[in-house]
Amino acid sequence: MESARILAVGTSHPPDRYTQQEILERFRVVNPAVREVFQASHIDGRYLVLPTADESGRPTETQGELLAKHRRWALRLGQQAIGRCLEGTGLGASDIDCLCCVTSTGFMLPGLTAMYIKHLGFRVDCHRADVVGMGCNAGLNALNPTVAWARANPGRNALLVCCEVNSALYVYDDTLNTGVVNSLFGDGCAAALVRADPLDEPRFAPRVLGFESHLIPDAWDAMIYVWDEAQGKFSFQLARDVPYVLGLHADIPVDALLRRHGLRVRDISHWLVHSGGKKVIDAIKYTVGITAHDVRHTTGVLRDMGNLGSGSFLFSYQRLLAERGVRRGDYGVMMTMGPGSTVETALLRW
Amino acid sequence: MALDPKRLQTLRYAEDGTVATVTLTHPRIDMRLVRELTEVCDHLEDESPTRVVVLRGAGGVFCQGIDFADFRPDEPVDIHGFNKWEKLCARVERLQKVTIAVLEGPVVGGGVQLALVTDARIMAPGATLQLNEVHLGFLPGMATFRLAKYVGLGHARRLVLRCPVVGSDEALRLGLVDEVAADLETAVARTVESFGPAHVVAVTLARRLLDESYQFGFEDALGHFLAAQHRAISQAEFLATLRRAHGREA
């Protein structure tokens, strides 16, 4: 069976970028614990679609308005990221045979795939799958079946789109929990073209060699979406120690994935880790045994854009390619972490 | 691939209980030695049940630095071999074992560089240390990065730029070595003993944080410490400590 390669990637974000300080001022956040969380986040700024504030400085959106914002911006960001991904490949939306879309920031029915087919020029017979509500790790949960589809359908084009409008998750109640969530997430969309060619000519694009997952059932409720009755909104709750718990388990799927291919951590040249937050990145560094340099794109994406959810690791991937330092034969590991709680991994080889 | 000690041309390798001994039988560093020492590191991390590695020389000589046989004046300049050497040194520095170097004879250039990446250094009274590279027109590897952390920038400038031969008394005073011992075998046994149970996770995490202490600011280092500490206290070794503290069998 042919290997599938990631042939192109494209990303997008909303136009407006806010520093942490600007957000604190805009919503007149006074709680010193929340202010400290914002300032210690290792995030310089984030692209967001922020609402206007009422006289007290509070955002005024209802849950219905948040859902409408998600739909509106998911279309716009998706259009840009898909366009940038396909640019230069000689392909258009009508050449895509399988579309797999990921989001956790707004429930839609029909889902993103149907909306993109309606508005963005995909064929009506395009195969589609929507991966919804799986959180930050979902990009790899979706890449896995996308790669499997591509391998089962050699020569045909599969497109993965990870689109998160985290601005549509805004709950503002001045508690530390919403403060942590509101300090962390940014908006962004990433698209990746995947294909397995029957006569696989050597090309400089990584083959996806395999995946390994690890669920931590004990941390089932460590990251969880709950209905906040008082606010009339969904609210994302993050347990305090979950970054370290995730980090502690990160070496389990990595070891399994590498052993299956006869590799060790020292054989991996490139690490594309989800920009979950400073603590979880640190925990992974000291558990897997990788350096600050290995996760430079992970910390860079976090610093420049915050946690972008499911597409985050593809933003790091794009930065890695832009360095032009990858060499033929290099191995890379993609790693995403999120609700479940889970650590997902994929092995690449250029 | 399993290590075949008989195949090694520049090293002898032996394991005795929890201690592995790597003996450099070739007093000069060439690409063969770099390759073989890298293979030994693979074996130590992937297969060996040992916890401590003793790195020493043969015939009263630890290591006398680079062998110029690999470099010829009529060939183009090639930095690749130096990169291989630095990768090896970084590998030894981060090895998932406790590392001990036994320094005998005139220890020169790369021999000193290698000693600086170990966890403990024992020196014979008559041995000397010298980073002679700058006098020969090249650089003492990443000793330029590591040396000042041991001795301070002033001493590092003197040792690197003027290439003095440093005797054991001065080496001990500067903190380049931990102990000067006439009876090396007893000193090695005592040093192995001093690492106690050598909990590999705790040792390697603590070592990494120490090595990085010159590299990051306090806030970053605190984040690193908390991540590392969470990992350490999640290990079976620490659980055993807690059980003992609470008077139960581990």
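The values are calculated or read from the model by the stated rules, or taken from the named source; none is laboratory data. Everything numeric in this text was worked out from a predicted model, so none of it was measured. Quick reminder, even Gly has a Cβ in these numbers, built from the backbone with ideal geometry, and neighbours come from all protein chains shown.
Restricting attention to the stretch A:12-32 and to residues that are modelled with pLDDT of 95 or more and in contact with an Asp or Glu (Cβ under 7 Å, 6 or more places away or on another chain), the residue that is farthest from residue A:302 (Cα to Cα) turns out to be A:14.
With respect to the conditions (1) within 13 Å of chain A (Cβ to nearest Cβ); (2) part of a helix (DSSP H, G or I), residue B:158 lacks only one, and its number is (1). Within the stretch A:82-104, identify whether any single residue is of a type in the set (Lys, Arg), in the same structural domain as residue A:123 (by TED's automatic domain parsing) and in contact with a helix residue (DSSP H, G or I) (Cβ under 6 Å, 6 or more places away or on another chain), and answer yes or no. No, every residue in the stretch A:82-104 fails to be of a type in the set (Lys, Arg), in the same structural domain as residue A:123 (by TED's automatic domain parsing) and in contact with a helix residue (DSSP H, G or I) (Cβ under 6 Å, 6 or more places away or on another chain).
Across the stretch A:32-50, which residue is nearest to the other protein chains (Cβ to nearest Cβ) among those that are surrounded by 16 or more Cβ atoms within 10 Å (Cβ to Cβ) and assigned to a loop (DSSP other than H, G, I, E, B)? For the stretch A:32-50, the residue satisfying everything is A:42.
Of the residues B:175, B:154, which single one is in the same structural domain as residue B:85 (by TED's automatic domain parsing), in contact with a Phe, Trp or Tyr (Cβ under 7 Å, 6 or more places away or on another chain) and not acidic (Asp, Glu)?
Details: B:154 fails: in contact with a Phe, Trp or Tyr (Cβ under 7 Å, 6 or more places away or on another chain).
When all the criteria are applied, what remains is B:175.
Entry remark, the stretch B:207-232: residues being more than 25 Å from the chain's Cα centre (by Cα), in a helix (DSSP H, G or I) and more than 10 Å from chain A (Cβ to nearest Cβ) number 1 in total. Can you name the residue in the stretch A:265-275 that is touching a helix residue (DSSP H, G or I) at 6+ places or on another chain (Cβ under 6 Å) and assigned to a loop (DSSP other than H, G, I, E, B) and, of all such residues, is surrounded by the fewest Cβ atoms within 10 Å (Cβ to Cβ)? Here the residue is A:275.
One residue stands out among those in the stretch A:181-204 that are over 26 Å from residue A:171 (Cβ atoms) and either touching a Ser or Thr at 6+ places or on another chain (Cβ under 8 Å) or modelled with pLDDT of 95 or more (or both): the one that is surrounded by the most Cβ atoms within 10 Å (Cβ to Cβ), which is A:191. Among the residues of the stretch A:266-302, those that are over 19 Å from residue B:227 (Cα atoms) and within 13 Å of another protein chain (Cβ to nearest Cβ) comprise A:266, A:267, A:269. Among the candidates B:250, B:182, the residue that is at pLDDT 95 or above and not in a helix (DSSP H, G or I) is uniquely B:182.
For the stretch B:63-144, give me every one of the helices (runs of 4 or more DSSP H) that falls completely inside it and has 1 or more residues that are within 14 Å of chain A (Cβ to nearest Cβ) and over 30 Å from residue B:201 (Cα atoms).
Numbers: elements: B:80-93, B:110-116, B:133-136.
Per the criteria, B:80-93.
Among the residues of the stretch B:180-202, those identified as of a type in the set (Val, Ile, Thr), crowded, with 16+ Cβ neighbours inside 10 Å and more than 13 Å from chain A (Cβ to nearest Cβ) are B:180, B:188, B:191, B:192.
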